Amino acid sequence: MDRATFACSTAFFRDYSSSSQGAFCLPGGHVDFIEKVESFTYSDFFRDYLIPNHPCIFSAKFTEDWASRRNWVNWDGKPNFDYLLQKFGEAVVPVANCDVKEYNSNPKEQLPFKEYINYWKDYIKNDYRSSRGCLYLKDWHLSRAFPEQDVYTTPVYFSSDWLNEYWDAIAVDDYRFVYMGPKGSWTPFHADVFRSYSWSANICGRKKWLLYPAGQEEYLKDRHGNLPFDVTAPGLQDRSVYPRYNQSQPPVEIVQEAGEIVFIPSGWHHQVYNLEDTISINHNWVNGCNVAIMWCFLQDELAAVQREISEWKVPMDDWHLQCQLIMKSCTGIDYKEFYNFLKIIAENRISVLENGLDDEASAKNTPKAAISTLGMLHAVFDLKRTVKVLTSLSANEDFKKLDLTSLSPPPEALLHHLKAAIDTALL
């Protein structure tokens, strides 16, 4: 991060709240197309897309050196099933049935990868029909299952990735996924986990995206406050069921070609279709630009849980703890883990600022090496954003009602250390 971008980001987050950041819309639904790798810097992306929370498309030139684009695709642009079976045939993968609605998503099952590929081949031969329905391999943690495979390299623009930095550190989970599906497979209307950013790269095939800027989803809710499963369904025209639908803007529509990367802003709801047999690589990620949006989302989720079980507040001694447990089961995180998330992110940056990296550590693909590559000012920006959210978390009444004695260091001590590290770095 250069000094001009640091100054721009500091001014932006001083003047705007997280809610207003998420609400920006695009003039005329236009989405920028980034053509050339050599003329587009990290600071360009940070300033023009991350900070204002705008989508963009990166050309296929940004992925042309990926091994997956060479090896996973045949000469005709179709998936190379033989290569995929050779490398991953014995894996077990999550597969969704696009023809079945279960609550507000598609039901999933675990299948052997070789069974899924055989299904896919038969589905194509049968003119994209099957008694099993349209099956879509999605949310496969391939990088975690096959770390030795050379599949892709995360572009530098997406390298400030707090979600995967944290979950790698605790070795529990990650938010790096592979999707594989036939023509006609799709993902219902949703926003990404924790209202994170996402990036999605097509290894082969084409996708159509319907994007709604943050806040537009409010106009798409039914009279009970529920979001639609399919945002294109004719039933949304029924004003007795969807009373505010006619106030919504048309979606921003993107057709993503093979090799291209789509950047989806934080909190933008979307629906996605595979126009051809398609393979994509997707990451969800949070950083200093949208961590406050993540924190707002968690507060909203807890409030929803509290409303749902409010009748048990008096008879249940540990009602506040139960609310946290329910929230974690729904979202994947509670307030105490969110504190630990902020702590690990902060401590990694403090370590780089105070100690630097030796040559050996710099050469490795580690979070601290990524922090060092992005520069001292980026680390300071990250710490300033962490201070902002941690201060809000520490003052939150629901957080203060929890047993915080297990948190090490205590929130006040961590905040003091953070502010001192920022002051020292800016001397």
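Volume of the convex hull of the stretch 290-426 (Cα atoms only), normalised per residue: 112 Å³. Expressed as a whole percent, the proportion of Cα-Cα pairs in the stretch 27-285 lying more than 35 Å apart is 15%. Entry comment: accessible area of the stretch 290-426 is 50 Å² per residue, from protein heavy atoms only and a probe of 1.4 Å.
Applying a DSSP loop filter and a limit of 11 other Cβ atoms within 10 Å to the chymotrypsin sites (Phe, Trp or Tyr not before Pro) in the stretch 89-179 leaves TYR103. Surface composition of the stretch 27-285: carbon plus sulfur atoms contribute 47% of the solvent-accessible area (1.4 Å probe, protein chains only, all chains present). Placing SER131, SER329 in order of accessible area, with the largest value first and a 1.4 Å probe, yields SER131, SER329. Accessible area of ILE203 (1.4 Å probe, protein heavy atoms only, ligands and nucleic acids ignored): about 10 Å². Dividing the helix sum by the residues of the chain, where each DSSP H run of 4 or more adds -39500 (n - 2.57), gives a mean residue ellipticity at 222 nm of -11500 deg cm²/dmol.
Dipole magnitude for the stretch 26-72: computed about the Cα centre from +1 point charges on Lys and Arg Cβ and -1 point charges on Asp and Glu Cβ, it is near 160 debye.
The residues of the stretch 27-285 present an accessible area of 43 Å² per residue when probed at 1.4 Å with all protein chains retained.
The values are calculated or read from the model by the stated rules, or taken from the named source; none is laboratory data. Keep in mind that what you see is a predicted model, and the values were worked out from it rather than measured. A quick note on method: Cβ atoms are made from the backbone with ideal geometry, for glycine too, and the neighbour counts reach across all protein chains shown. For accessibility, only protein heavy atoms count, side chains too; no ligands or nucleic acids. Shrake-Rupley method; radii C 1.70, N 1.55, O 1.52, S 1.80 Å.
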